[in-house]
1. Please go through the stretch 202-223 and pick out each residue that is assigned to a strand (DSSP E or B) and either open to solvent by 20 Å² or more (accessible area, probe 1.4 Å) or within 11 Å of ligand 2 (Cβ to nearest atom) (or both).
2. Look at the stretch 364-391 and say how many of its residues are under 18 Å from Ser286 (Cα atoms) and crowded, with 21+ Cβ neighbours inside 10 Å.
3. Within the stretch 136-157, can you find the residues that are among the acidic types (Asp, Glu) and closer than 22 Å to Thr26 by Cα?
4. Filter the stretch 162-189 down to the residues that are within 15 Å of ligand 2 (Cβ to nearest atom) and closer than 15 Å to Asn480 by Cβ, then identify the one that is surrounded by the fewest Cβ atoms within 10 Å (Cβ to Cβ).
5. Being touching a Lys or Arg at 6+ places or on another chain (Cβ under 7 Å) and small (Gly, Ala, Ser) is the filter here, so list the residues in the stretch 400-442 that pass it.
6. Which members of the stretch 540-590 meet the condition of being open to solvent by 60 Å² or more (accessible area, probe 1.4 Å) and in contact with a Leu (Cβ under 8 Å, 6 or more places away or on another chain)?
7. Can you report the number of residues in the stretch 144-158 which are surrounded by 17 or more Cβ atoms within 10 Å (Cβ to Cβ) and assigned to a loop (DSSP other than H, G, I, E, B)?
8. Of the residues that make up the stretch 228-244, is at least one over 29 Å from Glu279 (Cα atoms) and more than 21 Å from the chain's Cα centre (by Cα)?
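The values are calculated or read from the model by the stated rules, or taken from the named source; none is laboratory data. Since we're looking at a predicted model, the values are computed, not measured. Here Cβ is always computed from backbone atoms with ideal geometry, including for glycine, and neighbour counts include all displayed protein chains. SASA here: full protein model, heavy atoms, side chains in, ligands and nucleic acids out. Shrake-Rupley method; radii C 1.70, N 1.55, O 1.52, S 1.80 Å.
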Amino acid sequence: MAKVSINIATGSLQKEEIIIGIDLGTTNSLIAYINDDKEAKVINDTGKGILVPSIIHFHPTGEIIVGNDAKPYLISDPQNTIFSVKRLLGQSYKDIENFKDFFSYKVIDDDTESIVKIKVGNKFYTPIELSAMILRELKERAEHALKTPVNKVVITVPAYFNDAQRQATRDAGKIAGLDVLRIVNEPTAASLAYGIGLHPDEEKTIAVYDLGGGTFDVSILKIQNGIFEVLSTNGDTFLGGDDFDRVIIDYWLNALSLNPKEVMSNSSLAQAFRLGAEEAKIALSSQNIYQTTIDGHLCGITKQTFEELIKPLVEKTINCCALALKDAGVQVSEINEVVMVGGSTRTPFVKQNVATFFNKAVHDEINPDEVVALGAAIQADVLSGNRTDILLLDVTPLSLGIETMGGLMDVIIPRNSKVPTKAGRQYTTSIDGQVNMKVSVYQGERDLVKENRKLAEFDLKGIPSMPAGLPKVDINFMLNADGILKVQALELRSGVKQEVEVKPTYGLTDDEVEQMLLDSITNAKEDVAQRMIIEARTEGEQMVYTAENFLKKSAEYLSIDEIAKTQQYINVLKEELPKANKDSILKAIDELNEYTRPFAERVMDVAVSQAMKGKKIDE
Ligand code: ADP
Ligand code: MG
């Protein structure tokens, strides 16, 4: 890293620019770098420790305090002290509504569909701006400790972060004056830190279990020939050690017969309980009983009680592990290593349960708070060209696709696809003379786009006027290594083209916030039946349109009887369309199709047969 070169213009010695790794955590953030001995090291800025609490305090003097020094204000001035901002990054108010009691500061709910804002005093901040304040502090600490300017960074994010959250992280870096070279999944970084699979002959399948303060995720990685490939990810963006604290608080309030609503509405008291509960939890990682006094109340808890309380939460994480294995198509017995990440994996009960589920001892040799930052530093080293032995592949956590007729989601890049990736499909118009085509890009697992998350929308304009079904429009999705999506639409006959880099549904400069629809992170498959009805109906509508058009244009080729009969079949189909019976719609389509096919052949109307094939997009 510390290669020295001479700047010919000035004659001065130049140190090669250092690239640092940043773990921007919900609870704690930290920085790591590769030292002259090629070892990954976390930065321990003199006297301030390694972990930088992800806490921001707005002081009455106008000063903004970040990290350790901000922590005491959680109790003394909770309204002006921001914590867990990563939970809000790239989220709408609707996304976090159920958790708003958790925040002692003001989360603004004026528009439920748009990005969350936080009010401090009479100023509004986005989570991106607040994250940038943490990043700025990290940058300064790195510069102070390394005695060199730091501009280039790698930042890690939970594997389960969607595109909006990844983009928000990048934007935060930009605001902090950082060049974010790469966004890396935390589990990928953690496995890098352990160096598992770095030997070229080593072949392994590993599980990375990351339970931090605010998020949980588990990833199944396959390592082969020095290549790390993420087979699957699963998790819960609202599950972490903070929730362990909450069950302890609930237990205490219950034991003290205190009204939780009353206590939690007093923000100083709420914060005192929060900090007390965290202290208890941490103590119970190494002792069997804990006692303290909070606001004059004696609060105690045993390890056994604590374990009973967190059991459902830990079981939830184990279920995610099972789902991740299923998605990866891997049996428990095929997992060679299990890596523990995140401060909450220090709770012995968590470790035990994970070890039991995977039926093997887990890796906890590296400090679980530091392991992600250390891996980010190794990734930074790879990017600076110092290591050519490692290649990283990640996966996209949610499916990406476009809206087709009837509001159906047509998936172009399925979830868990390896990135970078490229995929495309050809579409055509549904109406004669259609010159515009609306391309709406969605993210999510549901069959109906209205239940997924809209990422972008644009019009492909200037399609030459042609009969329906003739234009050929290639829609291509290109997903880069950071999970940022480029969508291109190209009409092949005319060459008209339209391209967007998908801006997520919010923006720093506040582009109109696209309508955010129902939750995208759902695996519900119950709408398959509905999809089939919509597909049948869409096909039927097309068939009616085409057949009626055909009758209008080509009547001269048909006998009066043939025309009447065709119209009869059309009417039967029209009657079936509004009914929610897919089979009878398909039957009516088939009958009309069978009857009219010879006519189409007779007049050699290419357009008709074309229009009967293929998928269409609404105008
Ligand atoms: P994040 O990745 O969300 O920033 P960390 O990996 O830093 O989080 O983990 C923070 C969480 O770890 C907090 O909930 C903290 O209370 C918890 N934690 C830290 N030390 C211990 C410990 N010894 N035992 C149990 N939990 C711990
Ligand atoms: Mg973490």
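1. Initial filter on the stretch 202-223 (assigned to a strand (DSSP E or B)): 204-211, 216-223.
Within the stretch 202-223, Lys204, Asp210, Leu211, Phe216, Asp217, Lys222 qualify.
2. Final tally of qualifying residues: 2.
3. We begin by selecting, within the stretch 136-157, every residue among the acidic types (Asp, Glu); these are 137, 140, 143.
Across the stretch 136-157, the qualifying residues are Glu137, Glu140.
4. Here the residue is Ile183.
5. Gly406, Gly407, Ser430, Ser440
6. Once the filter is applied, which keeps residues that are open to solvent by 60 Å² or more (accessible area, probe 1.4 Å) and in contact with a Leu (Cβ under 8 Å, 6 or more places away or on another chain), the stretch 540-590 yields Glu541, Gln567, Tyr569, Val572.
7. 2
8. Within the stretch 228-244, not a single residue is over 29 Å from Glu279 (Cα atoms) and more than 21 Å from the chain's Cα centre (by Cα).
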